[in-house]
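Asker: Here it is, the structure in full.
The values are calculated or read from the model by the stated rules, or taken from the named source; none is laboratory data. None of these values were measured; they are calculated from a predicted model. Cβ: placed from backbone, ideal geometry, glycine included. Neighbour counts: every protein chain shown.
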Amino acid sequence: MATTYLSDAVDKLDATTAALVAAPAVAAISYCAANYFGSRYREQELRRQTCVPEVDQIGTPRTEKIKGTAVVCGGGYSGIVAARILHDHFERVVVIEAEPWLNTEEGKMAHSWEQKSRRTRIMQYESLNTHDGFVFRSMSRLFPNWRNECAASGMHVGKPIPKLHFWGIGARCKPEELPDVHFTSRQGQETIMRRLTMDRTKYPNIEQITGLVVSMHGDPDDPKRIQKVSVRTSEGTIDIHGALFLDCTGTAQGPKWLQRAGYADPKKMAPGDKKFDEVKTEYNPHVRYSTLEFNLSEGNLKRFEALIPPSDSKSVYGCMPHPEKDNTSVYIAQRDGGLIHVCGGGYGNAPTPETIDDFIEFSKARYMEKPYPEYWWKVLDLLRECEDEMTVSKVVVPPRSYMRWDQVGDLPANWLAVGDAVLRVNPVYAQGLSHILHSMATMDACFREMWTDKQPAPSKFPDSFARNFFARQHQKILPIWESNKTSDYAFSTTTPCKGETLEKGAWLRWYFKRLRYLMQEDTDITTRMAWVGSFLAPDVDVLAPSVLRKVVWDVIKRPYVG
């Protein structure tokens with residue numbers, strides 16, 4: 001009996017010892033498995049949510065190009081980027097732009113701030129402007145030597161050091177961990193892209209025509225394709241034939257042209273297809289703002305720069321509102337050529353300052369949990385002395401909209417819509433060029449999948465080409481549309497999309513509010529937010545277990561913030 005008892009004890013001891021010995025191995029295997037599957041999931045989300053993989057391909061010339069003309073209707077942001085990308089895939093690219101001065105040397109000046117002419121069709125042409133890391137990476141791929149080109153146009157390349165606060169709440173960061181960005185005005189960005197894209201020594205197959213597209217015409221021998229567009233010029237109406245047509249004109253014209261040409265006909269649609277009036281959703285954030293632009297003399301610019309702490313960012317300071325306590329924002333930023341932009345505005349009935357005195361009072365009236373930096377008031381005092389070097393522009397943002405082209409039936413295979421023709425974002429978030437580049441990188445990827453450099457270029461596009469592009473474009477730009485709504489729905493004055501309420505996205509708003517408070521001390525969260533906010537990393541990076549633990553612990557320590 002004693003022997004049996006001893007044997008049982010030894011067996012139990014052996015089992016316990018084995019478990020203790022195995023535990024570290026099991027833990028190590030579990031840890032490695034979690035890392036492996038977590039990494040795989042992140043990579044999957046990176047490809048699904050972002051265009052980082054696609055951007056790494058753009059700008060690479062093809063050995064075989066499509067023998068035909070790509071016709072770009074519109075010569076703004078969308079049209080210029082489209083022309084540059086299409087140059088890699090087509091033997092000829094034609095850009096049709098309505099404003100004559102854009103086809104002169106003035107439209108391509110290195111020093112855009114010296115231009116005398118102004119864009120008449122761009123709402124925020126002289127308003128505050130900023131770009132994210134995705135734009136910088138895309139520009140660097142499209143235009144070799146981008147940093148030097150920025151320098152030639154007076155644009156600073158640096159880091160997005162978080163000068164933008166939230167009701168006074170700032171963020172700590174490690175600048176070396178942040179993505180590169182360039183600091184420029186809206187005018188400067190469009191001009192440098194036009195200067196580089198329309199350089200016939202580098203891109204000889206791109207041509208810009210001054211005119212206005214008035215109609216399009218289907219191919220009588222192949223009804224699934226557009227054959228040509230009619231363009232009204234100063235010398236009369238001309239027809240331009242093409243293999244591919246891009247609508248870069250905005251939200252209104254494309255559907256009209258298509259329907260007049262006999263497309264998007266409900267009688268020809270398949271089950272589940274929709275008409276144009278069924279695929280557009282919109283909401284109204286009721287945003288308005290003014291920008292006071294200072295083109296300072298050399299002496300005043302030196303005085304201005306002496307007041308600001310040294311930084312690798314040209315954003316001086318900005319502050320977003322606490323949605324429950326305020327509806328106004330303020331910004332001061334330095335842009336190309338030393339331009340200074342002072343911007344104030346907000347949601348609902350927010351005032352739009354017209355003088356520096358207005359702006360000072362506007363700043364004082366805002367809700368701030370922590371005060372403005374000391375140099376804020378000194379900078380404004382200096383700018384008050386320079387109002388003779390100031391111009392004012394005002395913007396009332398119309399409703400924001402999203403056109404689901406992927407749901408429209410009976411569309412031609414060689415007609416694509418990009419930019420404002422698809423998505424109109426809130427300019428407050430500075431994502432206009434980003435969402436355009438998402439669409440363009442998607443288009444580029446579709447071309448590269450049609451034929452490889454070891455194959456001859458196709459003579460025409462597959463019947464499903466446009467439909468497939470629109471489906472992929474939707475997947476890439478939907479997160480931008482949803483993030484805009486999530487932020488704007490925080491304000492009670494916003495009119496939501498039909499069928500939605502302002503409660504949509506409330507959990508995410510609460511979560512990001514918590515992250516903003518943690519960013520005051522946590523550089524890892526700041527870095528994650530910077531990369532996700534720049535569309536260079538997937539959302540899962542700010543929902544990772546390590547971040548969630550910090551949020552939960554913060555809620556336990558201080559249940560209520562803000």
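Asker: In segment 248-306, what residues are of a type in the set (D, E, K, R) and part of a loop (DSSP other than H, G, I, E, B)?
Answerer: Selection gives 265, 273, 275.
Asker: Quick check on segment 61-104: of everything there that is touching a strand residue (DSSP E or B) at 6+ places or on another chain (Cβ under 6 Å) and in a helix (DSSP H, G or I), which residue is surrounded by the fewest Cβ atoms within 10 Å (Cβ to Cβ)?
Answerer: Here the residue is 100.
Asker: Give all pairs with beta carbons closer than 8 Å in which a residue from segment 34-51 that is within 14 Å of residue 542 (Cβ to Cβ) meets a residue that is at pLDDT 90 or above and among the β-branched types (Val, Ile, Thr); count only pairs at least 6 apart in sequence or on separate chains.
Answerer: Partner pairs satisfying both residue conditions: 42/540; 45/540; 46/52.
Asker: Of all residues in segment 266-307, count the ones that are of a type in the set (A, V, I, L, M) and over 27 Å from the mean Cα position of the chain (by Cα).
Answerer: Filtering segment 266-307 for residues of a type in the set (A, V, I, L, M) gives 269-270, 279, 287, 292, 296, 301, 306-307.
With the extra rule that they be over 27 Å from the mean Cα position of the chain (by Cα), the set shrinks to 269-270, 296, 301, 306-307.
Matching residues across segment 266-307 total 6.
Asker: Take the residues of segment 145-172 that are part of a loop (DSSP other than H, G, I, E, B) and either free of Cβ contacts under 8 Å to residues at least 40 places away in the same chain or at positive phi (or both): which is surrounded by the fewest Cβ atoms within 10 Å (Cβ to Cβ)? Give the steps one after another, and end with the answer.
Answerer: Applying the first criterion (part of a loop (DSSP other than H, G, I, E, B)) to segment 145-172 yields 145, 153-155, 159-163, 167-168, 170-172.
In the following step, the residues that additionally are either free of Cβ contacts under 8 Å to residues at least 40 places away in the same chain or at positive phi (or both) were identified as 145, 154, 167-168.
On the way: 145: 11, 154: 20, 167: 20, 168: 15.
Ranking the qualifying residues of segment 145-172, first place goes to 145.
For (1) of a type in the set (Ser, Thr, Tyr); (2) under 30 Å from residue 335 (Cα atoms), each residue gets a yes or a no:
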{"site": "188", "(1), (2)": "no, yes"}
{"site": "229", "(1), (2)": "no, no"}
{"site": "237", "(1), (2)": "yes, no"}
{"site": "240", "(1), (2)": "no, no"}
{"site": "245", "(1), (2)": "no, no"}
{"site": "249", "(1), (2)": "yes, yes"}
{"site": "267", "(1), (2)": "no, no"}
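Asker: May I ask you to say which residue of 85, 66 is outside the structural domain of residue 343 (by TED's automatic domain parsing) and over 24 Å from the mean Cα position of the chain (by Cα)?
Answerer: Just a single option satisfies the conditions, and that option is 66.
Asker: Hey, residue 279 hits all of (1) in contact (Cβ under 8 Å) with a residue 24 or more places away in the chain; (2) within 27 Å of residue 485 (Cα to Cα); (3) aliphatic (A, V, I, L, M); (4) surrounded by fewer than 16 Cβ atoms within 10 Å (Cβ to Cβ) but one; which does it fall short on?
Answerer: (4)
Asker: Does segment 173-189 contain at least one residue that is crowded, with 22+ Cβ neighbours inside 10 Å, among the basic types (Lys, Arg) and out of contact with any Ser or Thr (no Cβ under 8 Å at 6 or more places or on another chain)?
Answerer: No, segment 173-189 contains no residue that is crowded, with 22+ Cβ neighbours inside 10 Å, among the basic types (Lys, Arg) and out of contact with any Ser or Thr (no Cβ under 8 Å at 6 or more places or on another chain).
Asker: For segment 537-557, state whether one or more residues are basic (Lys, Arg), surrounded by 19 or more Cβ atoms within 10 Å (Cβ to Cβ) and outside the structural domain of residue 348 (by TED's automatic domain parsing).
Answerer: Restricting attention to segment 537-557, the residues satisfying the condition of being basic (Lys, Arg) are 549-550, 557.
Okay, now just the ones that are also surrounded by 19 or more Cβ atoms within 10 Å (Cβ to Cβ), so none.
No, segment 537-557 contains no residue that is basic (Lys, Arg), surrounded by 19 or more Cβ atoms within 10 Å (Cβ to Cβ) and outside the structural domain of residue 348 (by TED's automatic domain parsing).
Asker: Being over 22 Å from residue 161 (Cα atoms), at pLDDT 95 or above and hydrophobic (A, V, I, L, M, F, W, C) is the requirement here; does residue 518 meet it? First the steps, then the outcome.
Answerer: On the way: over 22 Å from residue 161 (Cα atoms): no; at pLDDT 95 or above: yes; hydrophobic (A, V, I, L, M, F, W, C): yes.
Criteria not met by residue 518.
Asker: Also, I was wondering about something else. Any idea which of 262, 254, 250, 242 is touching a strand residue (DSSP E or B) at 6+ places or on another chain (Cβ under 7 Å), modelled with pLDDT under 95 and not assigned by TED's automatic domain parsing to the domain that holds residue 142? Before you say what the answer is, go through the steps one by one.
Answerer: Numbers: 262 fails: modelled with pLDDT under 95; 250 fails: touching a strand residue (DSSP E or B) at 6+ places or on another chain (Cβ under 7 Å); 242 fails: modelled with pLDDT under 95.
Matching residue, one of 262, 254, 250, 242: 254.
Asker: Mind checking whether some residue in segment 543-562 is closer than 23 Å to residue 432 by Cβ and part of a helix (DSSP H, G or I)?
Answerer: The answer is no; no qualifying residue exists.
Asker: Checking residue 199 against (1) farther than 23 Å from residue 120 by Cβ; (2) in a strand (DSSP E or B); (3) charged (D, E, K, R), which single condition isn't satisfied?
Answerer: If we test residue 199 against (1) farther than 23 Å from residue 120 by Cβ; (2) in a strand (DSSP E or B); (3) charged (D, E, K, R), just (2) comes out false.
Asker: Continuing with this model, one more query. In segment 468-501, what residues are in contact with a helix residue (DSSP H, G or I) (Cβ under 7 Å, 6 or more places away or on another chain), of a type in the set (Val, Ile, Thr) and assigned to a loop (DSSP other than H, G, I, E, B)?
Answerer: 494
Residue-by-condition table, conditions (1) outside the structural domain of residue 481 (by TED's automatic domain parsing); (2) within 15 Å of the chain's Cα centre (by Cα):
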| position | (1), (2) |
| --- | --- |
| 392 | yes, no |
| 407 | no, no |
| 415 | no, no |
| 428 | no, yes |
| 434 | no, yes |
| 447 | no, no |
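Asker: Residue under question is residue 93, and the condition is that it be under 13 Å from residue 207 (Cβ atoms) and in contact with a His (Cβ under 7 Å, 6 or more places away or on another chain); does it hold?
Answerer: Taking the combined requirement at face value, the residue satisfies it.
Asker: Name every residue in segment 108-122 that is assigned to a helix (DSSP H, G or I) and either surrounded by fewer than 17 Cβ atoms within 10 Å (Cβ to Cβ) or in contact with a Leu (Cβ under 7 Å, 6 or more places away or on another chain) (or both), in order of residue number. Full working, then the answer.
Answerer: We begin by selecting, within segment 108-122, every residue assigned to a helix (DSSP H, G or I); these are 108, 112-114.
Passing the criteria: 113, 114.
Asker: Being touching a residue at least 12 places away in the same chain (Cβ under 8 Å), part of a strand (DSSP E or B) and over 29 Å from the mean Cα position of the chain (by Cα) narrows it down to one residue among 209, 238; which is it?
Answerer: Exactly one residue qualifies, and that residue is 238.
Asker: Can you spot a residue in segment 213-221 that is more than 30 Å from residue 410 (Cβ to Cβ) and touching a Gly at 6+ places or on another chain (Cβ under 9 Å)?
Answerer: No.
Asker: Related question: Out of (1) outside any helix (DSSP H, G or I); (2) surrounded by 15 or more Cβ atoms within 10 Å (Cβ to Cβ); (3) of a type outside the set (Val, Ile, Thr); (4) touching a helix residue (DSSP H, G or I) at 6+ places or on another chain (Cβ under 9 Å), what's the single condition that is false for residue 524?
Answerer: With respect to (1) outside any helix (DSSP H, G or I); (2) surrounded by 15 or more Cβ atoms within 10 Å (Cβ to Cβ); (3) of a type outside the set (Val, Ile, Thr); (4) touching a helix residue (DSSP H, G or I) at 6+ places or on another chain (Cβ under 9 Å), residue 524 is out only on (1).
Asker: Can you tell me how many residues within segment 212-235 are over 19 Å from residue 79 (Cα atoms) and either in the same structural domain as residue 535 (by TED's automatic domain parsing) or not in a loop (DSSP other than H, G, I, E, B) (or both)?
Answerer: Selection size over segment 212-235: 8.
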